[in-house]
1. Within the stretch 286-336, can you find the residues that are β-branched (Val, Ile, Thr) and over 24 Å from Met461 (Cβ atoms)?
2. What number of residues within the stretch 585-629 satisfy the criterion of being open to solvent by 40 Å² or more (accessible area, probe 1.4 Å), more than 18 Å from Glu532 (Cα to Cα) and either in contact (Cβ under 8 Å) with a residue 40 or more places away in the chain or not charged (D, E, K, R) (or both)?
3. Condition check: crowded, with 17+ Cβ neighbours inside 10 Å and β-branched (Val, Ile, Thr). Does Ile501 satisfy that?
4. Would the stretch 566-586 turn up any residue that is of a type in the set (Val, Ile, Thr), within 18 Å of the chain's Cα centre (by Cα), within 19 Å of Pro345 (Cα to Cα) and assigned by TED's automatic domain parsing to the domain that holds Met599?
5. Pick from Phe274, Phe280: which is within 16 Å of the ligand (Cβ to nearest atom) and more than 29 Å from Glu519 (Cβ to Cβ)?
6. Output the qualifying pairs, or none if there are none: Cβ atoms under 6 angstrom, residues six or more apart or on different chains, first residue in the stretch 301-329 and among the acidic types (Asp, Glu), second residue assigned to a loop (DSSP other than H, G, I, E, B).
7. Every residue in the stretch 355-378 that is more than 13 Å from the ligand (Cβ to nearest atom) and under 26 Å from the mean Cα position of the chain (by Cα), please.
Amino acid sequence: MTIQIQNKEEYENIYNRSVNDPEGFWGEMADTFQWKKKWNKVCQWEFDTPDVKWFVGGELNITENCLDRHVATKGDQVALLWEPNEPDAPALSYTYKELLAEVCKCANALKEMGVGKGDRVCFYMPMVPELAIAVLACARIGAIHSVVFAGFSAQALADRIIDAQAKMVICSDFNRRGQKFIPVKQVVDDALALGVDCVEKVIVSTLDSENTTVKLTGDKEVWWHDVVNHQADTCPAETMSSEDMLFILYTSGSTGKPKGVVHTCGGYMVYTCFSFRNVFQYKDGDIYWCTADIGWITGHSYIIYGPLLAGATTMMFEGVPTYPDAGRFWEICEKHKVNQFYTAPTAIRALMAKGDHFPEQYDLSRLKVLGTVGEPINAEAWHWYNDKIGKGNAPIVDTWWQTETGGIMISNLGGITEGKPCFATYPLPGIQPCLVDKDGVEVSGNDVEGLLCIKHPWPSMIRTTYGDHNRCKQVYFSAFAGKYFTGDGARRDEHGRYRIIGRVDDVINVSGHRIGTAEVENAINEHDAIIESAVVGYPHDIKGQGIYAYVITDGSIDDEAAFHKELNKVVTQFIGPIAKPDVVQVVPGLPKTRSGKIMRRILRKIASGETSNLGDVSTLLNPEVVQAVMDGAKK
Ligand code: WTA
């Protein structure tokens, strides 16, 4: 089993070792896994292209490491625990033995339906066990999974299916979220009608096979239970090279359409397991719960792969934090005796706002480590989490990372290295962060601020953007030569601890979800009355950032509230409800530079209510609109 750091001194020693001898260090870590063939070179890299390879020449199957190897030693331990939306419905659990059998059955079904190594399979599913099972089934046979968050629209789903040229879609009939019953299969139908011609088969799982109202049509579509249930429960694990693709996950950037971040088998396996064990300090017998959705990277790395690789008991939750009431998370922590709990600042803030009497009703004494991820956590939320949930006894790990990094990069290690409110603190072993100024010059020393880059490869880093390697190069490796650029700004305090300030590009982080301003603008511009729009983020009490849209219309709008609703509708149609603008302001013009570029800096300030210090606006093409935009600004 990969090492688990026991104290601060050991962390420092191992960190130094990982920097001085990365290949020796990661070779040793990789040795703790089950390989079909050992690698002949630990790391081969070049950032300019970029061309990064880990465990070169090695062969493995990640599911043998997640499942088979644990069956021998802890086959009857629960691997996956599932808590349903309805608090009175029974929880489900799968032991390592049972989970392996389910994964094999699904893998056999996929093979029977013509899916093989290298084929892309797109998922559009709620948080049900079938999602985790089928993701692992893909990995078993070497098919590449691309999970799309089930809150995205049909159009967004279609774009992702087409980009990946997925051969199969796996979905469910409905999605239960709190009191809502959301059609899922219908969205897939709508997506497939939008010019998708690569999909050969659709597997539909159902929440209730006896009573579902969904009807399958055509011979493309099959029920999960019809194709999976009768299969044999063993399936050989496909041999994968370390650098074969494991999955694609689409994420928003500052320009254009979402890009498919590609992760590969060997390095991702080694790093997600290593980071999981060290950050959460998982011990045998613990119950670990991450509340993320598997549609995001956190769910991939820290619900499925990391915990299973480490032989943990990992829980997934179908529902929402506020159903039946705002005590649900804490009720579940008590019920399942949760030891490590990992969530997002937006959830903490939302639950904090509902009052202390919710957590006070439950026994939270088993919590040992609390985690946060997805956006900077504000001091008030940090203290509430620490005091009311952890009761001062459960260290908070503030984990900074990204879809592109595959695993946690900067974080304290629960109870091992000290936390500091609002600071991610120190890099994990093997991670070499640095700060640079806008010219790419490294800012040395402590108590400094800059743009966060990483200067040495780590095993789970992005390899490419699917179908467009040049985009990967441009976005991450071209801004500063020889470094991976994160898109985040950060501060390093007097002790070398990092505090992540937030995105420095045109990406908004809404409730921990990355949304590109350009994507929202493109959607808004689809409305007939829109001439031009500019979208920026602004501070939002619960969501972290809200979406503020400035729009120039053709003058046909007289009811602004109704117009806002119409814009919500188009955004929901093109992206999904998560990207709906919180504020829409109709403006006579947008401040532009003489070359015609929208001055987003000014718009961001106005949206944040910071109007006293707009900087010099006299060089603008149209300085007069600034006052007009300010006058019409909405609170
Ligand atoms: C932000 C989520 C501050 C950051 C795993 C990053 C954070 C983006 C933190 C990636 C944190 C994530 N503190 N900011 N602990 N964790 N972020 O790809 O801006 O959905 O670039 O990955 O979230 O978001 P993504």
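1. Ile287, Thr291, Thr313, Val320, Thr322, Ile332
2. 9
3. No: the conditions fail for Ile501.
4. Yes; the residues of the stretch 566-586 include at least one that is of a type in the set (Val, Ile, Thr), within 18 Å of the chain's Cα centre (by Cα), within 19 Å of Pro345 (Cα to Cα) and assigned by TED's automatic domain parsing to the domain that holds Met599.
5. Phe280
6. Glu318/Pro84; Glu318/Asn85; Glu318/Met127
7. Leu367, Lys368, Val369
To keep it simple, each residue is scored yes or no on (1) touching a residue at least 60 places away in the same chain (Cβ under 8 Å); (2) more than 16 Å from the ligand (Cβ to nearest atom).
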{"position": "Gly415", "(1), (2)": "yes, yes"}
{"position": "Gln432", "(1), (2)": "yes, yes"}
{"position": "Leu435", "(1), (2)": "no, no"}
{"position": "Gly440", "(1), (2)": "no, yes"}
{"position": "Asp447", "(1), (2)": "no, yes"}
{"position": "Gly450", "(1), (2)": "no, no"}
{"position": "Ile462", "(1), (2)": "yes, no"}
{"position": "Phe485", "(1), (2)": "no, no"}
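The values are calculated or read from the model by the stated rules, or taken from the named source; none is laboratory data. Small disclaimer: the values here were computed from a predicted structure and weren't measured. Here Cβ is always computed from backbone atoms with ideal geometry, including for glycine, and neighbour counts include all displayed protein chains. Heads up: the accessible areas ignore ligands, DNA and RNA and are worked out on the full protein's heavy atoms, side chains in. Shrake-Rupley method; radii C 1.70, N 1.55, O 1.52, S 1.80 Å.
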